[in-house]
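Notes follow the structure.
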Amino acid sequence: MQTQTAGMGLTPQQVFRKQAAGESIHPDGQDVLQRHVLTVLVENGLGALNRVANLFSQRGFHLESVSVGEAKDQSLRRMTLVTTGNDRMIGQVLRQLNNLVDTIEVEDVTHLDHIERELCLVQVRCSASERHVLIGVVDIFRATVVNITPDSLTFEVTGPPAKVNAFIGMMRDYDVLEVARSGRVAMRRELAFEH
Amino acid sequence: MTTTSTLVERPTDLRKTQKSSEAAYQKDARIGGGLMTGAEIFIRSLEAEGVEIVFGYPGGAVIGIYDTMHRLNPTFKHVLVRHEQGGTHAAEGYAKSTGKVGTVLVTSGPGATNCVTGIADAYMDSIPLVVFTGQVPTKLIGNDAFQECDMIGVTRSITKHSFLVRDVRDLASTIKKAYYIAGTGRPGPVVVDLPKDMLMASAPFHYPTSVSIRGYSFVQKGNAQQIKLAAEMIQESKKPLFYVGGGTIISGAAEVLTRIARYTNIPVTTTLHGLGSFPENDPLSVGMLGMHGTWFANKAVQNTDLLIAVGARFDDRVTGKIEAWAPHAKIIHMDIDPACISKNVPANCPILGDVKLVLEQLEPLVEPKDTTDWMVQIEKWRTECPMDFKRDGKLRPQEIIRALRDKTGGHATVVTDVGQNQMWGAQFFTYIHPRTHITSGGLGTMGFSLPAAMGVAFGQKGGGLPVISINGDGGVLMNIQELGVAAAHKLPLKVVILNNSYLGMVRQWQELFHGERYSHTDLSTTNPDFVRLAEAFGCVGLRCERPEDIQATIDAAWEVHDRPVVMEFKVIMEEKVFPMVPSGATTDEMITASEEDIN
Ligand SMILES: Cc1cc2nc3c(=O)[nH]c(=O)nc-3n(C[C@H](O)[C@H](O)[C@H](O)COP(=O)(O)OP(=O)(O)OC[C@H]3O[C@@H](n4cnc5c(N)ncnc54)[C@H](O)[C@@H]3O)c2cc1C
Ligand SMILES: Cc1ncc(C[n+]2csc(CCOP(=O)(O)OP(=O)(O)O)c2C)c(N)n1
């Protein structure tokens, strides 16, 4: 049997490929993984939502959060997806999403000027005597009380995901009973006064 | 519903009821500006679409379509296959050899699930199919009704798209869309699920002449800037190499590719699916690359400075360990599917578009090149390790493939199964025309060849090239039932069984990588008598056990014109497929047959 083994060290083309893919060129370096926020306009209907969700499991992509709702055009839905990966993976996510017959528009808004919001409900155990302390804390986040019982409070907070994270972090000091997050919704910002 | 109970109570009224429903049906079609039942709309739509042949199998959910077919005598031919998987592969063979969309019609539940392998196969190999599956009536969907199966759910990740018809008024336009999506862009399978009530309900019939689907589009011409860049890269390169895949054949680009390669003196390697896109008897051809590609093709890949990928998808059976593949090459990548470009290897010059149009745009921009030094180097590799085999009086599969090539001069359509037979069929036939090599590459479906060859023969409608189906003794049994269909239709298939009494390809891995532990791959005691099996199906059966009988066996087979011939060749079981890049290894670690093996 004849065999040949490859030498070590990267050729210039191999370096180009790794950099283009967002992979490290050092043997034990880390790939640069980034979180991306995508907005996708899809046909209305379960079939379309199914196909988008299915794509992530079929192709082994990461999916951190999904939110779906009506878009301006009643026959469409706008989805906001949060995914992580290196450049090659994100490129694949975008192109595969685009390939679905049910998607009308796919946009990676991560590096565009965009607005991101998330809504969160947090239920905390809280006796009558503790209420004013807790309400003092949540006021700083402009959270509102949406339900109250003799021994619990439920807050609603809306804002960029970082604010929601911070709010949930603060609530950890108390006895949190339940958390429900909507997942992000995102939209490109229209700029009125560009120079 | 009420009709059914009447039937049960008064069975003698059966004929009368049928007649009166027929009369009602005809009345229906006359009044109301030509209302038609869903079943008739289905048939008229297929006719309007220009469908020539449907591979199908009836059942409760689609009985209405079969009944209507019986009454209307449609312009297309219906072939009753003997297993729905065989039907899908037949449709694939038809589609790959004609370039048209293949059509399958099956009932709900088991009829539909039997198609899953064929649908997955078509998805992996970009084959245009429309598969119509029956479904339980709309109001029973989700109730675990008799023979219900959520086909849309089951096939979601193996279809290009799918439709569930929920309104009979959408039936015709859905069929139009299905054929359009299946056949355009990067082709693929589309499933159309037809609830039974949709086939019984009525609507006016209008088959649309055009389609618009707002979420579906594909690029055709390439970006002129990118093509200019590609031409410059080609001009600058010293050791360029065309890496040609199945997309070239799909787009009908074989001719323009051949012209450009010859004009620029650039050598060509093809993938398994690219075989036939460039004549392998041309001195510029280095044959197939990849796991079982030629030594010289893989050497060329490892040394080229410019790889021009034309409708190829950088599959792992081609690249081996991807980090070490084509280490010195800049890459021009032409493909119609944006998700295929730079998926596995980032391209220096991506060109999105239909490769026929892209190559036609490129053609006027390229100049003849002097590649003499590069070709001399390639010829050295070619003589270092030519594609050859041992001639020692034992019956070896390679010699049989060569004899088939000599018999036909390469003017034949060869449909291979999966395993060693597939690789020998790829390596030793010398393909010269596009669409003459058909195989299951991406999914690697054993049992593909026989029904697919049948589909090819149906597509040729009696004329055309001889159709040769090459099989192993394992895979041929996986859809052997279709032999009866081929016989019933008097198809003159030449069915070759390379009987090595083993699941040969698995045995090869066991020998090389698993300490010669032949776990569950020995078929010698369980194989049937293939000659008698052929005869039982109404075919001619021939057996050959010695190399000196190969020619006579083939000659005898070519004398038969009115039915399939099965040629069983009792080949030696030790023969292995070489060269080989072991799974997961780098292309430089390619193993070749040892000296004694060759001479
Ligand atoms: C046992 C076994 C061994 C194998 N060994 C090998 C081997 O040694 N070598 C080998 O090559 N393969 C081998 N294969 C096959 C392999 O698994 C892949 O199926 C094959 O390599 C893929 O071929 P391809 O790249 O030509 O792509 P295909 O699967 O043919 O895909 C076609 C490509 O063309 C694109 N395309 C389609 N239409 C157009 C158009 N109009 N314009 C532009 N682009 C278009 C598609 O988007 C896609 O990217 C083996 C398979 C088996 C089962
Ligand atoms: C449906 C299916 N099952 C299993 C396999 C795995 N497999 C690949 S090649 C092979 C052996 C094929 O044996 P045979 O048909 O005799 O052909 P040979 O390799 O001997 O030519 C097997 C089992 C497959 N590809 N397809």
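The values are calculated or read from the model by the stated rules, or taken from the named source; none is laboratory data. Being a predicted model, the structure only gives us computed values, none of them experimental. Methodologically, a virtual Cβ is constructed for each residue, glycine included, from the backbone with ideal geometry; neighbour enumeration extends over all protein chains shown.
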Qualifying position, being within 13 Å of another protein chain (Cβ to nearest Cβ) and surrounded by fewer than 19 Cβ atoms within 10 Å (Cβ to Cβ), among A:91, A:45, A:69, A:29:
A:45
Check residue B:220 against each of (1) within 14 Å of chain A (Cβ to nearest Cβ); (2) more than 23 Å from residue B:430 (Cβ to Cβ) and name the one condition it does not meet.
(1)
Yes or no: residue B:260 within 14 Å of ligand 1 (Cβ to nearest atom) and aliphatic (A, V, I, L, M)?
no
Residue pairs, Cβ under 9 Å, 6 or more apart or interchain, first in the range B:511-534 and within 14 Å of chain A (Cβ to nearest Cβ), second within 16 Å of ligand 1 (Cβ to nearest atom). List them.
B:511/B:576; B:512/B:576; B:512/B:580; B:512/B:582; B:512/B:591; B:513/B:582; B:513/B:583
Looking only at the range A:86-105, how many residues end up being in a strand (DSSP E or B) and either on the phi > 0 side of the Ramachandran plot or of a type in the set (Asp, Glu) (or both)?
1
Note on the range B:224-252: residues within 19 Å of residue B:186 (Cβ to Cβ) and either surrounded by fewer than 17 Cβ atoms within 10 Å (Cβ to Cβ) or touching a helix residue (DSSP H, G or I) at 6+ places or on another chain (Cβ under 7 Å) (or both) are B:244, B:247, B:248, B:251, B:252
Which one of B:286, B:256, B:318 is more than 16 Å from ligand 2 (Cβ to nearest atom), away from chain A (no Cβ under 14 Å) and part of a strand (DSSP E or B)?
B:286
In the range B:110-128, which residues are within 14 Å of chain A (Cβ to nearest Cβ), over 24 Å from residue B:59 (Cα atoms) and within 16 Å of ligand 2 (Cβ to nearest atom)?
B:123, B:124
Go through (1) surrounded by fewer than 24 Cβ atoms within 10 Å (Cβ to Cβ); (2) under 28 Å from residue B:310 (Cα atoms) one by one and return the number of the condition residue B:197 breaks.
(2)
Within the range B:325-348, does at least one residue satisfy the condition of being farther than 17 Å from residue B:233 by Cα, away from ligand 2 (no atom under 16 Å from the Cβ) and among the acidic types (Asp, Glu)?
yes
Could you tell me which residue of the range B:367-426 is farthest from the other protein chains (Cβ to nearest Cβ), considering only residues that are of a type in the set (S, T, N, Q) and away from ligand 2 (no atom under 16 Å from the Cβ)?
B:408
Filter the range B:261-295 for residues that are among the hydroxyl-bearing types (Ser, Thr, Tyr) and under 24 Å from residue B:588 (Cα atoms); the one that is surrounded by the most Cβ atoms within 10 Å (Cβ to Cβ) is B:270
Based on this model, can you work out whether residue B:456 counts as within 15 Å of ligand 1 (Cβ to nearest atom), crowded, with 24+ Cβ neighbours inside 10 Å and under 16 Å from the mean Cα position of the chain (by Cα)?
no
Which of the residues belonging to the range A:120-143 are at pLDDT below 95 and among the polar types (S, T, N, Q)?
A:127, A:129
Options B:352, B:362, B:307: the member that is more than 14 Å from chain A (Cβ to nearest Cβ), among the aliphatic types (A, V, I, L, M) and away from ligand 2 (no atom under 16 Å from the Cβ)
B:362
Residue set B:164, B:194, B:171, B:199; condition within 10 Å of another protein chain (Cβ to nearest Cβ) and more than 30 Å from residue B:334 (Cβ to Cβ); output residue B:164
Of everything in the range B:267-324, what is touching a Leu at 6+ places or on another chain (Cβ under 8 Å), away from ligand 1 (no atom under 11 Å from the Cβ) and free of Cβ contacts under 8 Å to residues at least 40 places away in the same chain? Give them in sequence order.
B:268, B:278
